[in-house]
């Protein structure tokens with residue numbers, strides 16, 4: 001758990017409860033000074049092939065077995081990936097304005113990209129534009145609300161630049177969380193769904209957002225022709241989920257994943273079991289939380305030198321659709337004999353110290369299933385190449 005007020009928006013919340021707003025909003029957003037994005041400039045990208053500083057460092061993970069044994073899993077980027085990944089980060093900026101500038105902060109955009117996106121360099125080329133995002137400062141009520149149209153327009157401009165200068169017919173995986181997922185959901189609906197660019201879509205991984213589908217259907221609703229992913233080798237599809245603890249499902253005031261009133265249901269696809277059912281999750285979790293405090297991952301404290309850990313067998317997940325909504329129900333395995341921790345940190349905690357169950361495990365949406373996502377994209381990349389008759393030597397051109 002961690003204190004909600006200082007850190008909640010930093011890892012991707014899409015809005016704050018009105019009870020926590022510190023002051024009335026002014027009518028116009030405050031925009032950080034600086035230029036509008038020019039995506040011909042490498043420094044207006046958080047990550048791209050010739051500017052990977054934010055996405056290639058300290059990604060080794062410590063694997064913590066149930067008996068407390070530690071082993072380091074080294075991370076390596078792919079030498080010649082066959083597809084691209086295009087990422088839109090969540091709310092991360094603490095700039096003193098409603099919308100951020102284009103300078104990435106080490107504890108802000110860079111930190112969240114390392115946790116949510118950098119590891120995808122093992123399966124694809126990385127493209128992550130900086131954009132004038134709505135800030136955590138605004139979402140905490142310390143500035144007027146941010147300009148969502150500005151944020152969307154920047155990302156749409158980055159996508160257009162990428163298509164014109166970098167794509168060259170390569171397959172694309174969209175990756176996003178929270179504010180970023182909301183932007184990509186709109187971009188896909190307006191620029192991809194039913195358009196020629198849909199032919200480039202390998203998949204879209206949209207964490208922490210609502211995507212409507214007709215009850216019992218995998219296609220239709222918010223996306224007219226892009227189905228949910230149901231098989232590992234399926235391409236041209238979308239994976240979307242909102243994480244909650246199984247014993248605390250979305251309440252009546254759920255921010256994400258709850259019931260809808262438009263005749264649709266919020267889609268849920270479990271990255272660990274695309275066809276449905278429960279399955280062990282393969283998380284990559286951060287070793288610090290709550291203002292950078294180290295997490296004790298074993299009952300007897302052991303030093304952990306990496307920034308990430310894996311905890312095989314600790315978590316399972318299953319997409320449920322019931323009166324509470326459609327959501328990824330996450331369960332931690334309780335084992336009194338284990339030398340490892342019995343749970344994960346990541347609940348949203350209000351200023352009164354109480355868990356805000358309406359947010360579920362939104363902070364950990366991507367972390368909880370990172371290994372599963374990498375496995376899925378790896379299989380999709382192979383299927384993408386085979387479907388186009390590529391040989392191994394042709395991939396990556």
For the list (1) out of contact with any helix residue (DSSP H, G or I) (no Cβ under 6 Å at 6 or more places or on another chain); (2) crowded, with 17+ Cβ neighbours inside 10 Å; (3) more than 20 Å from residue 77 (Cα to Cα), I need the number of the one condition that residue 380 fails.
(3)
What are the residues in the stretch 47-67 that are over 19 Å from residue 83 (Cβ atoms) and surrounded by 20 or more Cβ atoms within 10 Å (Cβ to Cβ), if any?
54, 59, 61, 62, 64
Per the filter on the stretch 106-122, residues more than 11 Å from residue 54 (Cα to Cα) and buried (at least 24 other Cβ atoms within 10 Å of the Cβ) are 116, 120
For the stretch 286-309, give me each residue that is touching a helix residue (DSSP H, G or I) at 6+ places or on another chain (Cβ under 8 Å) and more than 22 Å from residue 107 (Cα to Cα).
none
Would you be able to say whether some residue in the stretch 224-231 is part of a loop (DSSP other than H, G, I, E, B) and in contact with a helix residue (DSSP H, G or I) (Cβ under 6 Å, 6 or more places away or on another chain)?
no
Residues of the stretch 125-166 being assigned to a loop (DSSP other than H, G, I, E, B) and more than 12 Å from residue 32 (Cα to Cα), in sequence order, are 130, 140, 141, 142, 144, 145
Any residue that is surrounded by fewer than 17 Cβ atoms within 10 Å (Cβ to Cβ), closer than 19 Å to residue 71 by Cβ and under 23 Å from the mean Cα position of the chain (by Cα) - is there at least one of those in the stretch 307-319?
yes
Suppose we filter 82, 93 for residues that are assigned to a loop (DSSP other than H, G, I, E, B) and within 30 Å of residue 197 (Cα to Cα); which single one remains?
82
Report the residue count in the stretch 204-252 for those that are at positive phi and buried (at least 16 other Cβ atoms within 10 Å of the Cβ).
3
Looking at (1) touching a helix residue (DSSP H, G or I) at 6+ places or on another chain (Cβ under 8 Å); (2) at pLDDT 95 or above, which one does residue 220 not meet, given that it meets all the others?
(1)
How many of the residues making up the stretch 253-269 are buried (at least 23 other Cβ atoms within 10 Å of the Cβ) and either touching a helix residue (DSSP H, G or I) at 6+ places or on another chain (Cβ under 7 Å) or part of a strand (DSSP E or B) (or both)?
2
Considering only residues of the stretch 350-377 that are touching a helix residue (DSSP H, G or I) at 6+ places or on another chain (Cβ under 7 Å) and surrounded by fewer than 19 Cβ atoms within 10 Å (Cβ to Cβ), which is modelled with the highest pLDDT?
374
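The values are calculated or read from the model by the stated rules, or taken from the named source; none is laboratory data. Treat the numbers as computed from the prediction; the structure is a model and nothing was measured. Don't worry about glycine lacking a Cβ; one is built from the backbone with ideal geometry, like all the others, and counts go over all protein chains shown.
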